[in-house]
1. Return a yes/no flag: does region 153-166 have any residue that is free of Cβ contacts under 8 Å to residues at least 60 places away in the same chain, under 28 Å from TYR223 (Cα atoms) and of a type in the set (Lys, Arg).
2. Restricting attention to region 1-20, which residues are loosely packed, with under 12 Cβ neighbours inside 10 Å and either among the charged types (D, E, K, R) or assigned to a strand (DSSP E or B) (or both)?
3. Helices (runs of 4 or more DSSP H) wholly in region 166-276 with at least 2 residues that are buried (at least 20 other Cβ atoms within 10 Å of the Cβ) and more than 16 Å from the ligand (Cβ to nearest atom) - which ones?
4. So ALA163 passes all but one of these: (1) in contact with an Asp or Glu (Cβ under 8 Å, 6 or more places away or on another chain); (2) loosely packed, with under 13 Cβ neighbours inside 10 Å. Which condition number does it fail?
5. Out of all the residues in region 70-83, is one or more over 26 Å from PRO112 (Cα atoms), out of contact with any strand residue (DSSP E or B) (no Cβ under 8 Å at 6 or more places or on another chain) and aliphatic (A, V, I, L, M)?
6. Tell me, which residue of region 72-85 that is polar (S, T, N, Q) and under 15 Å from THR52 (Cα atoms) is nearest to the chain's Cα centre (by Cα)?
7. Working carefully through the options ALA98, ALA163, ALA69, find the one that is in contact with a helix residue (DSSP H, G or I) (Cβ under 7 Å, 6 or more places away or on another chain) and either over 21 Å from THR48 (Cα atoms) or more than 10 Å from the ligand (Cβ to nearest atom) (or both).
8. Go through region 155-194 and count every residue that is touching a Pro at 6+ places or on another chain (Cβ under 9 Å) and closer than 27 Å to GLY131 by Cα.
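Every number in this text was worked out from the coordinates using simple rules, so none of it is lab data. Fair warning: this is a prediction, and the values are worked out from it, not measured in the lab. Cβ: placed from backbone, ideal geometry, glycine included. Neighbour counts: every protein chain shown.
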Amino acid sequence: MTKAPKISFEFFPPKDIEACFSLFETLQVLGDMVPEFVSVTYGAGGTTRELTHDAVALLHRKYGWNVAAHLTCVNATREETLAIAKGYKDAGVNEIVALRGDPPKGQGKFTPAEGGFANSAELIAALKATGDFKIRVGAYPDPHPDAVDANSDITWLKQKFEAGADSAITQFFFDPNTFFRFRDRCAKEGITGTIIPGILPITSWKGVQKFAAACGTPVPARYAEEFEASEDHQALAIELCTGLCEALIAEGVEDLHFYTLNRPTLTKAVCANLEVI
Ligand code: FAD
């Protein structure tokens, strides 16, 4: 039998009362699990600065989980960004998912804030220099919309590891071969750091198509046929996600990072199928 994978979860910080209940319910469902770490996103454009801080502090304090706080370069000077990191440290958080971030809505292209970090590698290097954090970064098995050529996601990831990243978490994907090809190309480029596949259980078939298009992630054609034919989308989503995870584990993947979207049912069911629980 293959070894059970190490798992981790991504959560959103809640923006309103309804979202607070979603996170609370998510924690009710997943709170008894023992993830390697959990991570909390940082709203696009820095919009959840305080909420992310408060959520990571609470998760660390209340659940004793290893928490990774996301942090981006958007809309903040270097000093402001590093002050946010210091706030994480003071709250007992010693992991950061360090990202460049997407441009604020309406701005097509990422432009550094005045006095801000110009890119993710600069942020990673500055965080590394503090000596306070384990640093995780993003990786893109399907081309990132900003990739200038077929290799730039790999060469840039290498620069992020050289700047001080300890591990990478990938954007979600649905075809395991996409990950295997990416992993092979990274190895060929000399990247030796851990690359953790990001797994998105499909909680909404309609929603995921929009989300995937925005991220540049292809959805296999057979998914459309299967969701169209299915009367139980939840059962199908669990089956597809379990199949993806099993294919990854069969090829030696040891860690899986679940994008829970604060909707934990599918994540919990897939973990049960993988005998992680
Ligand atoms: P980078 O890796 O820095 O850049 C993305 C790609 O652009 C690179 O692979 C490369 O092809 C190209 N590129 C960028 N800069 C250069 C350069 N200087 N030289 C050459 N090529 C370059 N967004 C949020 O707002 N909040 C979050 O909490 C959040 N969490 C995320 C978590 C994960 C695991 C992932 C994968 C993404 C997350 N995002 C989040 C989305 C992320 O902010 C966007 O994908 C953003 O556009 C890129 O950020 P990055 O740090 O991954 O980019």
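1. No, the conditions are met nowhere in region 153-166.
2. LYS3, ASP16, GLU18
3. Where helices (runs of 4 or more DSSP H) fall fully within region 166-276 and carry at least 2 residues being buried (at least 20 other Cβ atoms within 10 Å of the Cβ) and more than 16 Å from the ligand (Cβ to nearest atom), they are 233-250, 265-273.
4. So the condition that ALA163 fails would be (2).
5. no
6. Per the stated criteria, the residue is THR72.
7. None of the other options fit; the residue is ALA163.
8. Total satisfying the criteria: 3.
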